[in-house]
Amino acid sequence: SQITTLINHKDKPKRSDKTLQAIQRVGQAVNLAVGRFVTVGEAIANENHELKKEMSVACIEARRAGETIAQLTDVASLDHPESDSHITIFTDKTGVVKAARLLLSSVTKVLVLADRIVIKQIITSRNKVLATMEQLEKVSSFQEFVQIFSQFGNEMVEFAHLTGDRQNDLKDEKKKARMAASRAVLEKCTMMLLTASKTCLRHPDCESARINKDGVFHRMRLALEQVIEIVTDSRPNGENEMAPVSIYSGIKEFKNKVEGLRENLYFLSKENLSTMLEVILEHTEDFTDSAYTSHEHREHILELSKQAKMELEQLFSVWMQAQNHKTKDLMEDLEVAILKTCQCMNELKREVHSAATSLAADLLKYHTDHMVLKALKITGVEGNLEAVAEYTCKLSEQKEQLVEMCRLLRHVSGTEPLEITCIHAEDTFQVTGPQIISAAETLALHPSSKIAKENLEVFCEAWESQLSDMSMLLREINDVFEGRRGEKRVYLSLPRPGKHNANLKALKPVKLDTEEQAKIAKLGLELHLLTSDVDSETEKWEDQENEIVQHGQGMSSMAYSMYLFTRGEGLLKTTQDLFHQAEIFATEGTKLASALHAFSDQVHDDDKPLLLLEAEKLISMCKQLQITAKASVQGKSATFTKVDACILKTRNMMTLLCQLLPLCCKLLRKNKAGNGCLKPAPPWREDRIRTGTNAHTPERRAETFGIKSLENHVTNMTFLESK
């Protein structure tokens, strides 16, 4: 942006001091930015010797180009730069263009090399995980398993961090959704791998236990492979990914082509449009052929399909006439034909949406009691093989229903990321169903085995969790259809002269220099990781309009802005901006504490004292941050110390928030399960039914790879040793 400003400046005969100063400021800004950029590049080069030479050369080129631009724009002190022997942008604009080209080329080279390093880190991390998985598959003793699984857990945590950062950096929403789905599989499968392996070790001659374990390992390998495909943007054997076309996307493209006839009567052929409609109507057969589509919906879809063919024939007739004779009457007839065709397609879209979402709502409501899973657990513990066989048949039927539901929902999901989420859900039901069956058979064969019982519990929880996710997905699909989809909140709590601080204009805005940014970088990175953890926890809440969730999301968003400040990026430009943001952050924390107190009044559970204790801690931290942010300081060193203190206190509050959110979520889930830990109809949940206007993107809605939960698996390995 700055370089474009320099290159495009107008050559006027008269140059004011203001213009000269502006040009010099831009040149200096470019040089400073390049300096910061190159410092990072050189640090990366020192840590990665295989690319050190290439990276160092690119960094030297970038630094040289930045310095050249600074020299050529050093014009503020020259009254008549064109007559001076000093070469400037006015006497050698070609030199600036050359320097700019060299700079952009070298910066691009540094970025590409850095990206290669990131990709290599992820691949190396994946290879470590795969190697340890192979060892886990071959272990024959508990002691050996505990040791290797501990290593495996640490490697998975590292992989989670690397892929989480990569997911956030992806620009393609479709890839983001695929990455989120793969990472969700890895998170859930980590716990499944633990219990399935333990069961196999306890019952080495049990065939169903072996099948159960093999299924988990296979699914993890597929998920790891998909992550690498996304990261490297490649497919095995060079094959292209052919995603099935949904009815929604087909109708959207068809309508765009039809409406394009208004501008150009000759840009496509009749055959083209006919083929597009045929493909859409073929997809509607997924609904009309489904045993779960109601008779009424089936009849309406068939009727609208027939009408769509008739409307297109009428459009063809008028269209051909208009091509030969472009009269006013014919163009009006064409407009009517276009409107009628598009209206018919809209009605078809509405009908398939109604068919899919009503089926989903009915199935989710019907299966919400998890009766089949409960029966499998009971009959398994009883060792009743006949009853287990009976209920596994019922679970297989349920699985087929849910798989069909996912297929139909994909057609009406409305966006590519939501389509991917539907495909992921379908795969989860397809795989988890047989795994529950093999786990139940193992328990029935060994009814006194605590490990076999624990293993079945884990797979049943995964099934229940996916059903819960489907309810959230259904709401998002309805939001898209009804136009309620909004963007994620952005917090612009920046100081405004005369509004937040009467003395703001008197304060000199200060930015962190390169050395200060380097000192605070580690603290900023910790803050960044905590925001990811908090976002992961808030996404697990069914009610995204809950007051606790909203305050948590607000604090996470503001903490992320403060992290960006440590990198010299984002909306917080000066230290004064940061201090004001810290005040707003503390205020948001105080509001969260009030919401927690209101929540605790409804709690009848042993966790209430802990909840109140954590809320009091939060209030104390908020007060400390307010005092620090408002404290008056003078001098560069004191200002930096204050910045460091504000970010440190913010990090501590975010750490506490990571503990509070799962605690509150657990209490809510207990209430839903009927354990009566909350009083009925508390006032702070009155808005539960209301759907939010700022629905989350599906890659955020999809269950994020829970780094914390993986770390818990590792730290809880002492339990295995005691067993």
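Annotation: amide H of H367 has no partner in the under-5 Å range at sequence separation 5 or more or interchain, hydrogens built in the peptide plane. Listed values for the stretch 36-51 are Karplus-derived 3J(HN,Hα) couplings in whole Hz (6.51 cos²θ - 1.76 cosθ + 1.60, θ = phi - 60°), namely 5, 4, 5, 4, 5, x, 5, 5, 5, 4, 5, 8, 9, 5, 5, 10, and x replaces Gly and Pro. Using the Karplus relation 6.51 cos²θ - 1.76 cosθ + 1.60 with θ = phi - 60°, the per-residue 3J(HN,Hα) values for the stretch 146-162 come to 4, 5, 6, 5, 4, 5, 4, x, 5, 5, 5, 4, 4, 4, 5, 4, 4 Hz, with x marking Gly and Pro. With the simple model of a label 7 Å out from the Cα in the direction of the Cβ, D543 to Y366 spans 2.8 nm. Spatially, the stretch 337-400 and the stretch 116-158 are offset by 37 Å when compared through their Cα centroids. In plain terms, the chain from S465 to N272 could stretch by 65.1 nm, reckoned as 0.36 nm per residue minus the Cα-Cα distance.
If you plug the beta carbon distance of Q314 and S294 into 1/(1 + (r/R0)^6) with R0 = 35 Å, you get a FRET efficiency near 0.70. Extents of the stretch 263-402, largest first, come to 82, 23, 23 Å (Cα atoms, principal axes, whole angstrom). Protein heavy-atom surface of the stretch 280-380, 1.4 angstrom probe: 51% of the accessible area is carbon and sulfur, with nucleic acids and ligands not counted.
Sort the stretch 369-473 into rounded, prolate or oblate with this rule: let a ≥ b ≥ c be the square roots of the eigenvalues of the Cα gyration tensor; rounded if a/c is under 1.5, and if a/c is not under 1.5, prolate when a/b is larger than b/c, oblate otherwise. Could you put the intermediate results ahead of the total?
Values: a/c = 3.08, a/b = 2.38, b/c = 1.29.
Verdict is prolate for the stretch 369-473.
Computed from backbone phi, the HN-Hα couplings of the stretch 428-434 come to 4, 5, 4, 7, 5, x, x Hz, rounded to whole numbers (Karplus: 6.51 cos²θ - 1.76 cosθ + 1.60, θ = phi - 60°; Gly and Pro given as x).
Of the heavy-atom accessible surface of the stretch 136-276 (probe 1.4 angstrom), what whole percent is carbon and sulfur?
47 percent
The values are calculated or read from the model by the stated rules, or taken from the named source; none is laboratory data. All figures in this text were calculated on a predicted structure; none of them were measured in a lab. Heads up, the Cβs are rebuilt from the backbone with ideal geometry, glycines too, and the neighbour counts pull from every protein chain shown. When the accessible area is computed, the model is the full protein with side chains, heavy atoms only, and any ligands, DNA or RNA have been set aside. Shrake-Rupley method; radii C 1.70, N 1.55, O 1.52, S 1.80 Å.
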